[in-house]
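The values are calculated or read from the model by the stated rules, or taken from the named source; none is laboratory data. Since the structure is predicted, the reported quantities are computational estimates derived from the model, not experimental observations. FYI the Cβ positions are ideal-geometry reconstructions off the backbone, even for glycines, and counts take in every protein chain you see. The area values use the complete protein model at the heavy-atom level, side chains included, leaving out ligands, DNA and RNA. Shrake-Rupley method; radii C 1.70, N 1.55, O 1.52, S 1.80 Å.
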Amino acid sequence: QVQLVEPGGGLVQPGGSLRLSCTASGSIRSIYSMGWYRQAPGKQRELVAIITSGGFINYVNSAKGRFTISRDNTKNTVFLQMNSMKPEDTAVYYCNAHTGFISYWGQGTQVTVSS
């Protein structure tokens, strides 16, 4: 079992920045990748960014150049730095950890981009 805790989120103005964090506990050695997904009202959940244990990183096209995913293995924590934020980034953001067989999810945190 893997538990994910993701504090943070909140309200940010367009063009602003926000950093999300997610800390994993439990069977962390089984984790292959960690990432962030988001779900806006009326839309399907989509992958935002992912980082594997080998350091492979990928982003959704809309996040490229604006968002940066990183991880601190000493703290079992993954971060999502979001810059130049847009109203369309508004969504509930979910942390995800995947072992290769099972996906674990955080509780989700609301991010709202609005003036």
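Scanning the stretch 1-44 for residues that are without any contact (Cβ under 8 Å) to a residue 24 or more places away in the chain and either touching a helix residue (DSSP H, G or I) at 6+ places or on another chain (Cβ under 9 Å) or not in a loop (DSSP other than H, G, I, E, B) (or both) yields a single hit, Arg29. A single member of Lys75, Lys86, Lys64 is touching a helix residue (DSSP H, G or I) at 6+ places or on another chain (Cβ under 9 Å) and at negative phi, and it is Lys86. Taken over the stretch 5-17, residues that are open to solvent by less than 30 Å² (accessible area, probe 1.4 Å) and closer than 16 Å to Tyr94 by Cα amount to 3. Of all residues in the stretch 93-114, those that are hydroxyl-bearing (Ser, Thr, Tyr), over 17 Å from Pro7 (Cα atoms) and touching a residue at least 12 places away in the same chain (Cβ under 8 Å) total 2.
Quick check, is Thr68 open to solvent by less than 60 Å² (accessible area, probe 1.4 Å), among the polar types (S, T, N, Q) and in contact with a strand residue (DSSP E or B) (Cβ under 9 Å, 6 or more places away or on another chain)? Answer is no for this residue. Residues in the stretch 40-55 that are at pLDDT 95 or above and under 26 Å from Thr74 (Cα atoms) were compared, and the one that is most open to solvent (accessible area, probe 1.4 Å) is Leu47. Residues in the stretch 25-39 that are loosely packed, with under 14 Cβ neighbours inside 10 Å and either within 16 Å of Gln107 (Cα to Cα) or touching a Cys at 6+ places or on another chain (Cβ under 6 Å) (or both): Ser25 only.
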